[in-house]
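The values are calculated or read from the model by the stated rules, or taken from the named source; none is laboratory data. These numbers were taken from a predicted model, which means no experiment stands behind them. Every residue, glycine among them, receives a Cβ derived from its backbone with ideal geometry; neighbour counts consider all protein chains shown. Calculation scope for accessible area: heavy atoms of the full protein, side chains included, ligands and nucleic acids excluded. Shrake-Rupley method; radii C 1.70, N 1.55, O 1.52, S 1.80 Å.
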Amino acid sequence: MITQTRKRRIKLYKDRLNILLDLAQTINEDHSIDDLLSEFEILLREELDVGKVLVYTCSEGVWRNLLNSGVTSEEVAGIDVARDLLKYQGIENITLSPPDNLKGFDAIIPLFHRFKAIGYVLIGDVDEDFQGISPTIKHMKLIQIISNLIIVFVENKRMHNALLEQEAMKKELELASRIQNQLIPGREDLPQHKNISIHTIYQPHLGVGGDYYDFIKLSRNTIGFCVADVSGKGISAALLMSNFQAVIRSVFSPRISLRKLVHQLNRRVNESANSEKFITMFIGKYNVLTRRLTYVNAGHLPPLLFEPRKGHMLSLDKGCIGLGMLDVIPVIEVGKVFVSKDSKFLAFTDGLVELERGNKITSGLMSVEKIISNQKNMDQNIVEIRSFISKHVDMQSIFDDISVIGMEF
């Protein structure tokens with residue numbers, strides 16, 4: 001014969017089983033985190049008569065308040081997980097002697113996953129269903145099981161959403177990389193002239209970057225060109241550089257002097273970067289008839305001009321500070337160089353020569369100078385520079401974008 005006590009116990013087990021089945025169904029239906037937390041709150045308060053609920057969860061080493069119901073903001077503000085909760089390794093009934101910061105709560109339920117604390121549930125203000133039996137004791141184990149299911153689901157959902165975001169970001173970066181590569185002149189876009197050969201290298205460090213080079217045919221015998229580098233890396237640098245390219249293309253014309261051009265570029269960089277970034281740039285004009293190279297170096301690494309017949313290396317450093325460093329550039333010095341026959345010119349961004357070794361940054365400038373200061377033609381020099389880059393990529397010593405312009409006259 002089944003006693004009334006046994007009937008009540010069977011009914012209690014059935015109720016608990018139904019609660020777990022309902023929760024499992026909700027989880028399997030892949031509801032949002034907010035929907036699941038709402039269901040969790042209703043279950044605790046209406047099915048289990050829990051008046052106050054406070055849930056903390058740990059994600060990537062940071063504790064966050066995941067849910068609070070029936071709890072004042074002052075109570076929440078007074079609790080520090082590391083100080084008040086981490087010491088509890090098992091379910092603790094604190095009804096009789098709650099710590100000062102946990103007054104108003106009846107129990108602390110720690111949640112573990114693979115022996116690591118992933119959450120804490122605080123419950124309080126529980127109505128008694130039956131005289132002499134505390135619902136706090138009656139429901140604590142069930143609340144622990146449910147809470148563990150909820151928090152593991154929330155963490156898995158968060159990780160899944162993070163993976164989706166990473167995949168979306170990866171696709172956006174791939175698209176941005178393709179767009180940026182279309183803005184960088186390819187071999188077929190370079191000016192063609194029998195008296196000059198041009199070679200380039202472009203290698204962003206993170207798919208998209210803040211390096212840029214360009215060539216503009218200013219007249220039948222004059223070629224304009226530049227190489228530039230935005231401070232920083234990634235999307236923000238790439239966006240500023242794309243804007244900068246559009247500006248150069250719109251204002252670099254045969255009629256404008258380099259001094260006036262640099263002032264205009266500085267003003268436009270200030271408008272776009274809002275004093276948060278700056279650009280170093282080498283910009284020049286070369287006339288194939290007069291063999292005259294006119295240039296401005298705006299805070300950029302000086303390009304190298306090597307004269308094989310004399311064995312002479314020249315650093316092109318005349319110019320001014322970088323663009324966007326000041327509202328108005330006070331002094332701009334325009335450099336002028338006569339380029340002798342068979343001379344070789346090499347301009348590059350700092351990613352080529354600033355190399356990381358351990359915790360130190362070393363210079364590869366001497367190696368680059370050695371590559372160009374010989375009787376080999378620029379074709380061969382560029383092949384050696386590519387090998388130099390590949391070697392240091394394999395050594396993981398390159399940590400920035402790389403752009404290279406090589407010209408042989």
Q) Per residue Cα convex hull volume for the range 316-409, in cubic angstrom? A) 118
Q: Only Cα pairs under 8 Å and at least 6 apart count here; give the relative contact order of the chain as a rounded whole percent.
A: 12
Q: Find the accessible area per residue for the chain; the probe is 1.4 Å, ligands and nucleic acids are left out, and the unit is Å².
A: 54
Q) Near the amide H of Phe112, under 5 Å away, which other amide H atoms are found, from residues 5 or more places off or on another chain, if H is placed in the peptide plane? A) Ile118
Q: Above 32 angstrom, tally the Cα pairs of the chain and express them as a % of all pairs, no decimals.
A: 55
Q) What does the charge add up to near Arg309, with Lys and Arg as +1, Asp and Glu as -1, over the other residues with Cβ less than 9 Å from its Cβ? A) 0
Q) Setting aside same-chain residues fewer than 8 positions from Lys233, which lysines have a Cα under 24 Å from its Cα? A) Lys170, Lys171, Lys277, Lys360, Lys391
Q: At a Cα cut-off below 19 Å, give the lysines reachable from Lys285, other chains included and same-chain residues fewer than 8 away excluded.
A: Lys194, Lys217, Lys260, Lys318, Lys336, Lys341, Lys344
Q.
Heavy atoms only, 1.4 Å probe, whole protein assembly: order Lys52, Lys87 by accessible area, highest first.
A. Lys87, Lys52
Q) Protein chains only, probe 1.4 Å: how do Glu356, Glu307 rank by accessible area, largest first? A) Glu356, Glu307
Q: Could you check the simple spin-label distance between His312 and Gln375, using points 7 Å along Cα→Cβ, in nm with one decimal?
A: 2.0
Q | Rounded, prolate or oblate (a/c below 1.5 giving rounded, otherwise prolate when a/b exceeds b/c) for the range 196-288 by Cα gyration tensor | A | oblate
Q: Count neighbours as other Cβ atoms within 10 Å of each site's Cβ, and list the trypsin sites (Lys or Arg not before Pro) in the range 142-241 that are DSSP loop with at most 13 such neighbours.
A: Lys194, Arg220
Q) Which net charge results for the neighbourhood of Tyr56, defined as the other residues with beta-carbon distances under 11 angstrom from its beta-carbon, given Lys and Arg at +1 and Asp and Glu at -1? A) -1
Q: Quote to one decimal, in nm, the extra length available between Lys391 and Lys157 on full extension: 0.36 nm per residue of separation minus the C-alpha distance between them.
A: 80.1 nm
Q: Please go through the range 31-63 and write out the GluC sites (Glu not before Pro) that DSSP classes as loop and that have at most 12 other C-beta atoms within 10 Å.
A: Glu60
Q | Principal-axis tilt of helix 258-273 within the chain, Cα atoms, nearest 10 degrees | A | 0
Q. Summing Lys, Arg as +1 and Asp, Glu as -1, what charge do residues with Cβ under 13 Å from the Cβ of Ile361 carry, Ile361 excluded?
A. -2
Q) What Kirkwood hydrodynamic radius do you get for the range 242-393 when you take the inverse of the mean 1/r over all pairs of distinct Cα atoms, in Å? A) 17.1
Q: Search the structure for amide H atoms under 5 Å from the amide H of Leu66, placed 1.01 Å from N in the peptide plane, and list their residues when 5 or more places away or on another chain.
A: Val55, Tyr56, Thr57
Q. So what J values fall out for the range 165-171 if you push phi through Karplus, 6.51 cos²θ - 1.76 cosθ + 1.60 with θ = phi - 60°, rounded to Hz, Gly and Pro as x?
A. 5, 5, 5, 5, 5, 4, 5
(Q) From the helices alone, meaning DSSP H stretches of at least four residues, give me the mean residue ellipticity at 222 nm for the chain, per-run term -39500 (n - 2.57), in deg cm²/dmol to the nearest 500. (A) -12500 deg cm²/dmol
Q. Tell me, what % of the accessible area of the chain is carbon and sulfur with a 1.4 angstrom probe?
A. 51
Q) Whole-Hz Karplus ³J(HN,Hα) for the range 57-65, in order, using 6.51 cos²θ - 1.76 cosθ + 1.60 and θ = phi - 60°, x for Gly and Pro? A) 9, 10, 9, 6, x, 10, 8, 10, 7
Q. When only Cα pairs under 8 Å and 6 or more residues apart are kept, what is the percent relative contact order across the range 199-281?
A. 30
Q: Using a 1.4 Å probe and ignoring any ligands, DNA or RNA, find the accessible area of His205 and quote it in Å² to the nearest 10.
A: 80
Q | Distance (nanometres) between label positions extended 7 Å along Cα→Cβ at Asp35 and Glu74 | A | 3.8
